[in-house]
Amino acid sequence: MTVEERPEAAYRPTPPPAWKPRTDPAPLLPDAEPYRVLGTDAAAGADPQLLLRLYAELVRGRRYNAQATALTKQGRLAVYPSSTGQEACEVAAALALEERDWLFPSYRDTLAAVARGLDPVQALTLLRGDWHTGYDPHEHRIAPLCTPLATQLPHAVGLAHAARLKGDDVVALAMVGDGGTSEGDFHEALNFAAVWQAPVVFLVQNNGFAISVPLAKQTAAPSLAHKAVGYGMPGRLVDGNDAAAVHEVLTEAVARARRGEGPTLIEAVTYRMDAHTNADDATRYRADGEVEAWREHDPIRLMERELTGRGLLDEDTVRAAAEAAETMAAQLRERMNADPVLDPMDLFAHVYAEQTSQLREQAAQLRAELDAESGEGMHGAEGGAR
């Protein structure tokens, strides 16, 4: 006999009051279409100086991507995950932060680090295989480039939560690709961030593919931004090739986090124009026509059309941006073509604050092999210490 058939039991058509949501979901829902600024009425309110700066950074970023890709073909970089086509997200992420804030990049986000002021050579050091990371994260407020998918997200939440507990006015911006949203770290980070109301912003660059896996085979959600609602934070959907729109949405989310109003999940719809890395053949999983269609929505073209239409872009401005980008590329090329002086014993430096017995044993073995090869004791008893 079912509950409904028992006359003494009153059937309750809804669960008890405890089921009710803690947060009204309606304000958390993203817009139905990606938010845009360039080419819309909203562009009239955009700061001309900001647009010009975004344009210059986009041009520099495109040249940086091209030069880094060329360095892989010359054997000067082991691998390079290009962000060509995604420069609007990279540049806007860097410019939306204050100097005291922290950036948590993925392996594809070296351009965001460079746009934040990091030396391009230092940004590429890890991908060259020269050192654990090429810069001091604390000095630049940029976490190490993260190769494992999405592991930087819990790190960002932890730093942001710690800053809030200490009373520091700091916001963390964590960048991840659409593939990273399929990782458990993504869930854990967003859940902790929402529960703790941590001052952190999650920027998902949805470039259409997790290497070769299209988004439709990763999720059945209406959009990645909709995932925010399940965690109790607002989701924003933005045109990831519209640098002005991405900058505006990120700036609002950073300000919201700084006011103590918690995290935001932003999905930037963009496209990876190049292969996943220099080791990938993208023609095996996408058609050339698809790539060409996205070229018409290129972030630099969008910005040039807007600036030209407003009378803000002339030949001198275009030339100056191109020359600055070429100077950066030439300097990067020259410095990356110089062979670095490397000490194999550095493998054991900065792994632990105090070396473990296993590391000491391995270091001693390597030191003995190196001394035997050189015929002289070049490495001291504390090899690798600096």
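The values are calculated or read from the model by the stated rules, or taken from the named source; none is laboratory data. Computed from a prediction, not measured in an experiment: that's the story for all the values here. Here the Cβ positions follow ideal geometry from the backbone for every residue, glycine too, while neighbour counts run over all protein chains shown. Only protein heavy atoms, including side chains, enter the accessible area calculation; ligands, DNA and RNA are left aside. Shrake-Rupley method; radii C 1.70, N 1.55, O 1.52, S 1.80 Å.
Once neighbouring chains are kept in place and the probe is 1.4 Å, which whole percent of the accessible area of the chain is contributed by carbon and sulfur?
Solvent-exposed carbon and sulfur of the chain make up 52 percent of the total.
Any chance you could run the full-extension gain for ASP169 through ASP31? It's 0.36 nm times the residue separation minus the Cα-Cα distance, nm to one decimal. Don't skip to the answer; put the middle values down first.
Working: separation 138, 0.36 × 138 = 49.68 nm, distance 2.95 nm.
Gain on stretching ASP169 to ASP31: 46.7 nm.
Counting every Cα pair in region 311-353, what percent are over 12 Å apart? Spell out each step's value before the answer.
Details: 669 of 903 pairs.
When every Cα pair of region 311-353 is considered, 74 percent fall beyond 12 Å.
Just add up the charged neighbours of VAL59: K/R +1, D/E -1, any other residue whose Cβ is under 15 Å from the Cβ of VAL59. Walk me through the numbers before you get to the answer.
Details: positive: ARG53, ARG60, ARG62, ARG63, ARG301, ARG305, ARG319; negative: GLU57, GLU87, GLU90, ASP298, GLU304, GLU306, ASP314, GLU315, ASP316, GLU323, GLU326.
Once all neighbours under 15 Å are counted, the net charge is -4.
Less than 16 Å apart at the alpha-carbon level, and either on another chain or at least 8 residues along: which aspartates and glutamates does that give for LYS227?
ASP24, ASP31, GLU33, ASP178, GLU183, ASP185, GLU188, GLU267
For LEU332, what is the net charge nearby, where nearby means another residue's Cβ is under 14 Å from its Cβ and Lys, Arg count +1, Asp, Glu -1? All intermediate terms of the calculation are to be shown ahead of the outcome.
Details: positive: ARG60, ARG62, ARG63, ARG76, ARG128, ARG333, ARG335; negative: ASP119, GLU326, GLU334.
Here the count lands on +4.
Would you pull out the residues with amide H under 5 Å of GLY177's amide H, same chain only if 5 or more places away, H placed 1.01 Å from N?
GLN205
Among ARG60, ARG360, ARG100, which one shows the highest mean-square fluctuation when the chain is modelled as a Gaussian network with alpha-carbon springs under 10 Å?
Maximum fluctuation in the GNM of the chain, among the listed residues, is at ARG360.
Mind giving me the FRET efficiency for ARG319 and LYS73? R0 is 30 Å, r the Cβ-Cβ distance, nearest 0.05 is fine.
Values: r = 28 Å, r/R0 = 0.93.
The value I calculate is 0.60.
In square angstrom, rounded to the nearest 10, how much accessible surface does SER374 have for a 1.4 Å probe?
About 50 Å², ignoring ligands and nucleic acids.
Given Cα pairs under 8 Å that are at least 6 residues apart, what percent is the relative contact order of the chain? Could you put the intermediate results ahead of the total?
Details: 610 pairs, mean separation 81.8, N = 386.
Relative contact order, the chain: 21 percent.
Explain nothing, just compute: Karplus ³J(HN,Hα) = 6.51 cos²θ - 1.76 cosθ + 1.60, θ = phi - 60°, for every residue of region 181-192 in order, whole Hz, x for Gly and Pro.
Per residue, the Karplus-derived 3J(HN,Hα) values read 6, 8, 8, x, 4, 4, 4, 4, 5, 5, 5, 4 Hz.
Can you give the local net charge around VAL195? Use residues other than it whose beta-carbon is closer than 14 angstrom to its beta-carbon, Lys and Arg +1, Asp and Glu -1. Intermediate values should be presented prior to the final figure.
Numbers: positive: ARG22, ARG164; negative: GLU188.
Summing Lys/Arg as +1 and Asp/Glu as -1 gives +1.
How much length, in nm to one decimal, is gained on full extension between LEU342 and THR283, taken as 0.36 nm per residue of separation minus their Cα-Cα distance? Provide the component values of the computation, followed by the final result.
Details: separation 59, 0.36 × 59 = 21.24 nm, distance 3.74 nm.
Between LEU342 and THR283, full extension yields an extra 17.5 nm.
From the phi angles alone, apply the Karplus equation (6.51, -1.76, 1.60; θ = phi - 60°) to region 120-137 and give each ³J(HN,Hα) in whole Hz, x where the residue is Gly or Pro.
x, 5, 5, 5, 9, 4, 4, 6, 7, x, 8, 7, 4, 7, x, 8, 8, x
GLY134's amide H: which non-local residues (gap 5+, or another chain) put their own amide H closer than 5 Å, with H modeled 1.01 Å from N in plane and none for Pro or chain starts?
The answer is THR125, LEU126.
Taking the Cα centre of region 180-313 as origin, work out the dipole magnitude from +1 charges on Lys and Arg Cβ and -1 charges on Asp and Glu Cβ, in debye rounded to 20.
Numbers: 13 positive and 19 negative charges, 75 e Å.
Dipole size: approximately 360 debye.
Taking 30 Å as R0, compute the FRET efficiency from the Cβ-Cβ separation of ALA221 and ARG301 and round it to 0.05.
Numbers: r = 30 Å, r/R0 = 0.99.
Rounded to the nearest 0.05, the efficiency is 0.50.
Could you give the distance between the Cα centres of region 40-86 and region 101-140, to the whole Å?
Cα centroid of region 40-86 versus Cα centroid of region 101-140: 15 Å apart.
Over what distance in Å are the Cα centres of region 195-225 and region 340-379 separated?
After rounding, the separation between the Cα centres reads 42 Å.
For the chain, rounded, prolate or oblate, judged on the Cα gyration tensor with a ≥ b ≥ c (square roots of eigenvalues), a/c < 1.5 rounded, else prolate if a/b > b/c?
On the way: a/c = 1.97, a/b = 1.26, b/c = 1.56.
Oblate, since a/c reaches 1.5 and b/c is not below a/b.
Work out the P(r) tail for region 270-317: percent of alpha carbon pairs separated by more than 13 Å, whole number. Walk me through the numbers on the way to the answer.
On the way: 726 of 1128 pairs.
More than 13 Å apart: 64 percent of the Cα pairs in region 270-317.
Please calculate how many Å² of accessible area region 229-386 carries per residue, with a 1.4 Å probe and no DNA, RNA or ligand atoms counted. List each step's numbers first, then the result.
Numbers: 8680 Å² over 158 residues.
The answer is 55 Å² per residue.
Taking only DSSP H segments of four or more residues, each worth -39500 (n - 2.57), what value at 222 nm results for the chain once the sum is divided by all its residues, to the nearest 500 deg cm²/dmol?
Result for the chain: -13000 deg cm²/dmol, rounded to the nearest 500.
Using a Gaussian network model on the chain with a 10 Å cutoff between Cα atoms, which of TYR231, TYR352, TYR285 fluctuates the most?
Maximum fluctuation in the GNM of the chain, among the listed residues, is at TYR352.
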